[in-house]
């Protein structure tokens, strides 16, 4: 029901665009001539979950290509582009209860597709696979950077360097356009996009200071951890460029390849909820085996067994985590499409969702605070419908020649 409602809403929104795409619309040119133009939908600026809903995909599926869920953590690009026209055709052929699917339905499910739920179906001259635009805010700053910080915190805790990291973090000096952190990273409950972008400017230096004077057994892990973080930070910095050439795109691909090559240093730290559940089950089994020891044991041997069990239990937990941990999540895969998008459509910042987030704050949150929380939707719409024209009028008055 939700999918059908969403489909009807977007058909209503796109109806004028469909008419224009067929017959065209006259548009005045600067030299006085009138041209018949055919505007089409070329991009949809949204985060990944919104694209998943609009394209009718599963949450771990790519809107661009047919990458399997088990290979999201790789940097392979030879997966075929999504053919939404084929999906639509097959969904139309199998929409009736009496139809007999030939196995293609199961295949499409394996590709992370929900048939018949793409709101962009039927738009003239529109390639649904090209509507997706890279989102630096939710993919990198609020996505991979947050994952990276969780990995770093666990890595530092394992090697006993967490306090050194916090000391350097709090001692960062002020600098123009740099927000100095006041609290340790783990003491902050929620991070915003601008704060995570600010974090990318200093995290490498702070981590390098925290990993100084390494022991002989820590040299290689520390080197790989710094290399992995440096590759991801350099990738994000290059992606923020307003213009690109072939060499800058080559740098972006190089940094991404380097990140994938050495990201295994953090493999034991991205633990999923499913893995944690297996660890808990394993712990319960060990406790159950301890209670089943019915044979009489000497007190000294009982104490020795009790001391050895935690160490054995820890080793079994670590082995299980190493077997189950992976990097197969969608946001790490979306980075592989960034260089192709740069070659085809241009720089990334113009598609950022940060502007929409700021507009949402102004249109919704401020109106909610000013309302009396009784029929708040009507008050929010009414308040913004008055404030916006007034601001537009003030801008027009300021731009008039004096």
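The values are calculated or read from the model by the stated rules, or taken from the named source; none is laboratory data. Source: prediction; values computed, not measured. Glycine gets a Cβ as well: all are built from the backbone with ideal geometry, and neighbour counts include every protein chain shown.
Cβ-Cβ contacts under 8 Å between residues 6 or more apart (or on different chains), taken from a first residue in region 157-175 that is in the same structural domain as residue 211 (by TED's automatic domain parsing) and part of a loop (DSSP other than H, G, I, E, B) to a second residue that is modelled with pLDDT of 90 or more and surrounded by fewer than 19 Cβ atoms within 10 Å (Cβ to Cβ), are listed as 159/218; 159/221; 172/202.
For region 30-45, enumerate the residues that are surrounded by 10 or more Cβ atoms within 10 Å (Cβ to Cβ) and not in a strand (DSSP E or B).
Taking region 30-45 first, the residues surrounded by 10 or more Cβ atoms within 10 Å (Cβ to Cβ) are 35, 37-45.
Result: 38, 39, 40, 41, 42, 43, 45.
The set of residues in region 16-28 being surrounded by 10 or more Cβ atoms within 10 Å (Cβ to Cβ) and either without any contact (Cβ under 8 Å) to a residue 40 or more places away in the chain or not in a helix (DSSP H, G or I) (or both) consists of 16, 19, 20, 24, 25, 27. Which residues, counting only those in region 109-131, are outside any loop (DSSP other than H, G, I, E, B) and in contact with a strand residue (DSSP E or B) (Cβ under 7 Å, 6 or more places away or on another chain)? Answer for region 109-131, where residues must be outside any loop (DSSP other than H, G, I, E, B) and in contact with a strand residue (DSSP E or B) (Cβ under 7 Å, 6 or more places away or on another chain): 113, 129. Tell me which residues, restricted to region 194-204, are buried (at least 19 other Cβ atoms within 10 Å of the Cβ) and assigned to a helix (DSSP H, G or I). Of everything in region 194-204, those that are buried (at least 19 other Cβ atoms within 10 Å of the Cβ) and assigned to a helix (DSSP H, G or I) turn out to be 196, 197, 199, 203. Residues in region 383-400 that are at pLDDT below 85 and farther than 15 Å from residue 362 by Cβ were compared, and the one that is nearest to the chain's Cα centre (by Cα) is 399.
State the number of residues belonging to region 205-247 that are in a helix (DSSP H, G or I), under 25 Å from residue 162 (Cβ atoms) and more than 21 Å from the chain's Cα centre (by Cα). I'd like the intermediate steps shown before the answer.
As a first pass, look at region 205-247 and keep what is in a helix (DSSP H, G or I): 205-210, 216-239, 246-247.
If we keep only those that are under 25 Å from residue 162 (Cβ atoms) as well, we get 205-210, 216-234, 236.
Filter once more, keeping what is more than 21 Å from the chain's Cα centre (by Cα): 205-210, 216-227.
Here the count works out to 18.
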